Amino acid sequence: MIHKKRLLAAVVASFIIGVAVPGGSFAKDDSGMEAPKKPINVTSDKMEADKNASVVVFKGNVVAVEDFTLCSDELYVYYDDKKEVKDIVANGNVRIFQQDKTATAGKAAYDRKNRSIVLTEDPQVVQCADTVKGDKITVFMDEDRAIVESGGGGRVRALIMPEKKCTEAGKTVGGAPSEETRCKRPR
């Protein structure tokens, strides 16, 4: 039984390495030049890989770190024909942290090529002391901009505070909390 578990772990690890660490993975930087994409480090309670469907599913206490931290109950990582990460979809108790910005939602879909995240199911984004809510929030990671939409007769809601009380680069007193610490905080 132990031998079968080790063999299964080796097969899964080789799949993840073959799919998650492709050669020549690039994105455009601020100058429009191709720059290497950052690795995505994911931890969870359980992982299921389906090579034929080009998807890896992480379940339970999921923490994914690229240049932002994403926490959720489930995370689906989809790959393209070149075996590069194409899209990431997070479901359940989604929290995203990047510097002084925090986003929460029931669902988040990350388009890695365009570096945009679409938040749905009661989304909210907080930057410093300002808060915005709507039915759908699209955040453009490299452009420092967002689009907030309402639907079904709802309205976009924003609270803009006169004093921002921002911390430097999202750090708290005593340094930045770890990804796991951020993810364990209540939504």
- prompt: How large is ³J(HN,Hα), in whole Hz, for each residue of region 42-57 in order, when computed from phi with the Karplus curve 6.51 cos²θ - 1.76 cosθ + 1.60 and θ = phi - 60°, using x for Gly and Pro?
  reply: 10, 10, 6, 7, 8, 9, 10, 10, 10, 5, 5, 8, 6, 9, 10, 10
query: What is the mean projected area of the alpha carbon convex hull for region 96-169, to one decimal in square nanometres?
result: 5.1
message: Please compute the Kirkwood hydrodynamic radius over region 30-159, one decimal place, Å, based on all pairs of different Cα atoms.
response: 15.4
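Rule-based calculations on the coordinates, nothing more; no lab input. Quantities reported herein were computed from a predicted structural model and do not represent experimental measurements.
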